[in-house]
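**Student:** This is the structure, below, for whatever I ask next.
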Amino acid sequence: MISQDKPNILIVDDRPENILVLESILEGLELNIFKATSGNEALGLMLDYDFALVLLDVQMPVMDGFEVAELMRGSERTRNIPIIFVTAINKDQKCMFKGYEIGAVDYLFKPIEPLILKSKVKVFIELQKQKETLKKQTKLLEEKVDELLRLQKLNYKLEHLSTIDVVTGISNRRSFEATIQTEWQRAIRMNTPLSLIMIDIDHFKAFNDHYGHQAGDKCIRKVAEAISSSIQRPGDFAARYGGEEFVVVLPDTEKAGAIIVAERIRNNVESLEVKHACSGVSPYVTISLGVATLFPEKYNSAEELIRRADRALFQAKYLGRNRIEK
């Protein structure tokens, strides 16, 4: 019975009595011994089993050992199997050179010396064990690397999702709070202005009460799309601040430029023509906007910019809504 835990070796000789001699010498070693009396039979076994070593007789009829070795080296499956040639030719240099040239790793000369045969076979058994151990460790390492990459992708996805507003698909407040701090520090280093627009959908509670929360979410999504499409530079940033409020961060933008962007946003939202029967301002959904601009200094903070934009937004709502205040 073939043991899966033991390495396989193949003895190839056209004379069964020679195979029996080699087999008896190797008896007691922890290995599975396969036997073939022809080159064709040997090649067939090598297609079905993995071998740690082939003991290959040189002088065989029909297909000699050299021909078998050449065919082995021509196949992806068998080209790396170690071959020890067994020969009765007494160390013929030409014969040995030919064997090494086609891939032999060693020679054994008849009559076989048992200790030499055993020691050489043990070397290749040990090499096979090390090869299998390395293969298992490599596979385990590859599996761990794959798992690590999977976890990294999952973490990246979770991190990305943690910065996205689930209703609108744009950035959320957490992402805004990180961005405003980053842009504040950049503005300090570059000595450039930083502008912030705070936006509120006018009479949104009344809209929700009248049309329902599903329509409310749809309205918020449309407003978010209009805001996002209104900012044009790669560094500009829009986020949902919470509820019906949005924010837009405009790096390196003075107040005049921020007001132009705010007006573009206001017009784009109004042009959506989302009906709002309970507005009191317009037949359609409108927004109020507060604009603030600062040249950040180290003794100031981003929170001051947020406070000023929030005050401007309050002023816009107080003065009638659907307008921009600064």
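The values are calculated or read from the model by the stated rules, or taken from the named source; none is laboratory data. As the structure is a prediction and not an experimental result, all values here were calculated from the model. Ideal geometry is used to build each Cβ from the backbone, glycine not excepted, and the neighbour counts take in all protein chains shown.
**Student:** Under the condition of being among the acidic types (Asp, Glu) and surrounded by fewer than 16 Cβ atoms within 10 Å (Cβ to Cβ), which residue from the range 1-40 is farthest from Tyr107 (Cα to Cα)?
**Tutor:** So in the range 1-40, the residues among the acidic types (Asp, Glu) come out as 5, 13-14, 17, 23, 27, 30.
Retained after the next criterion (residues that are surrounded by fewer than 16 Cβ atoms within 10 Å (Cβ to Cβ)): 5, 17, 23, 27, 30.
Details: Asp5: 27, Glu17: 20, Glu23: 17, Glu27: 20, Glu30: 22 Å.
Among them, the one singled out is Asp5.
**Student:** How many residues are surrounded by 14 or more Cβ atoms within 10 Å (Cβ to Cβ) and farther than 20 Å from Val123 by Cα when one looks only at the range 42-56?
**Tutor:** Number satisfying all stated conditions: 4.
**Student:** Look at the range 317-326 and say how many of its residues are closer than 16 Å to Ile260 by Cβ and not in a loop (DSSP other than H, G, I, E, B). Before you say what the answer is, go through the steps one by one.
**Tutor:** Filtering the range 317-326 down to residues closer than 16 Å to Ile260 by Cβ leaves 323-326.
Still in the list and also not in a loop (DSSP other than H, G, I, E, B): 324-325.
Going through the range 317-326 one residue at a time, the tally reaches 2.
**Student:** All but one of (1) of a type in the set (Val, Ile, Thr); (2) touching a helix residue (DSSP H, G or I) at 6+ places or on another chain (Cβ under 6 Å); (3) assigned to a helix (DSSP H, G or I) hold for Ile188, so report the exception by its number.
**Tutor:** (2)
**Student:** I've got another one for you. Within the range 275-283, can one find any residue that is of a type in the set (D, E, K, R), out of contact with any Cys (no Cβ under 7 Å at 6 or more places or on another chain) and part of a helix (DSSP H, G or I)?
**Tutor:** no
**Student:** Here are Ala206, Ala187: which of them is touching a Phe, Trp or Tyr at 6+ places or on another chain (Cβ under 8 Å) and surrounded by 12 or more Cβ atoms within 10 Å (Cβ to Cβ)?
**Tutor:** Ala187
**Student:** Would you pick out the residues in the range 206-239 that are among the basic types (Lys, Arg) and at pLDDT 95 or above?
**Tutor:** Listed by number, the residues that qualify are Lys218, Arg221, Lys222.
**Student:** If you don't mind, there's one more thing I want to ask. Does Leu154 fit the bill of being at pLDDT 90 or above and assigned to a helix (DSSP H, G or I)?
**Tutor:** Against the criterion (at pLDDT 90 or above and assigned to a helix (DSSP H, G or I)), Leu154 does not qualify.
**Student:** Please give the number of the condition Ser162 fails out of (1) polar (S, T, N, Q); (2) in contact with a helix residue (DSSP H, G or I) (Cβ under 8 Å, 6 or more places away or on another chain); (3) within 20 Å of Ala42 (Cβ to Cβ).
**Tutor:** Every condition holds for Ser162 apart from (3).
**Student:** Something else: Do we have Gly290 as closer than 25 Å to Arg307 by Cα and surrounded by fewer than 19 Cβ atoms within 10 Å (Cβ to Cβ) here?
**Tutor:** Considered against the rule, which asks whether it is closer than 25 Å to Arg307 by Cα and surrounded by fewer than 19 Cβ atoms within 10 Å (Cβ to Cβ), Gly290 comes out as no.
**Student:** Report the residue count in the range 158-194 for those that are acidic (Asp, Glu) and either within 20 Å of Asp217 (Cβ to Cβ) or not assigned by the TED database to the domain that holds Val291 (or both).
**Tutor:** Residues in the range 158-194 being acidic (Asp, Glu) and either within 20 Å of Asp217 (Cβ to Cβ) or not assigned by the TED database to the domain that holds Val291 (or both): 2 in total.
**Student:** Tally up the residues in the range 284-303 that are touching a strand residue (DSSP E or B) at 6+ places or on another chain (Cβ under 7 Å) and either closer than 22 Å to Val249 by Cβ or in a helix (DSSP H, G or I) (or both), please. If you could, list the steps in order and put the result at the bottom.
**Tutor:** Here is the first cut: in the range 284-303, the ones touching a strand residue (DSSP E or B) at 6+ places or on another chain (Cβ under 7 Å) are 284-285, 287-294, 296, 300.
Filter once more, keeping what is either closer than 22 Å to Val249 by Cβ or in a helix (DSSP H, G or I) (or both): 287-294, 296, 300.
Looking only at that region, the number is 10.
**Student:** Let me ask something additional. For the range 112-135, check the following and say yes or no: at least one residue is under 30 Å from the mean Cα position of the chain (by Cα), hydrophobic (A, V, I, L, M, F, W, C) and surrounded by fewer than 17 Cβ atoms within 10 Å (Cβ to Cβ).
**Tutor:** yes
**Student:** Can I ask one more? Going through the range 164-184 one residue at a time, which ones are of a type outside the set (Gly, Ala, Ser), outside any helix (DSSP H, G or I) and crowded, with 18+ Cβ neighbours inside 10 Å? Break it down stepwise before answering.
**Tutor:** First, pick out the residues of the range 164-184 that are of a type outside the set (Gly, Ala, Ser): 164-168, 170, 172-174, 176-177, 179-184.
Next cut, outside any helix (DSSP H, G or I) only: 164-168, 170, 172.
Within the range 164-184, Asp165, Thr168, Ile170, Asn172 meet the criteria.
**Student:** Please count how many residues of the range 288-322 are out of contact with any helix residue (DSSP H, G or I) (no Cβ under 8 Å at 6 or more places or on another chain), closer than 20 Å to Glu177 by Cβ and of a type in the set (Gly, Ala, Ser). Explain how you work it out, then say what you get.
**Tutor:** Taking the range 288-322 as the starting set, the residues that turn out to be out of contact with any helix residue (DSSP H, G or I) (no Cβ under 8 Å at 6 or more places or on another chain) are 299-300, 303-304, 307-321.
Filter again for closer than 20 Å to Glu177 by Cβ, leaving 300, 303-304, 307-313.
Add one more test, that the residue is of a type in the set (Gly, Ala, Ser), and what stays is 309, 312.
Summing the residues that are out of contact with any helix residue (DSSP H, G or I) (no Cβ under 8 Å at 6 or more places or on another chain), closer than 20 Å to Glu177 by Cβ and of a type in the set (Gly, Ala, Ser) in the range 288-322 gives 2.
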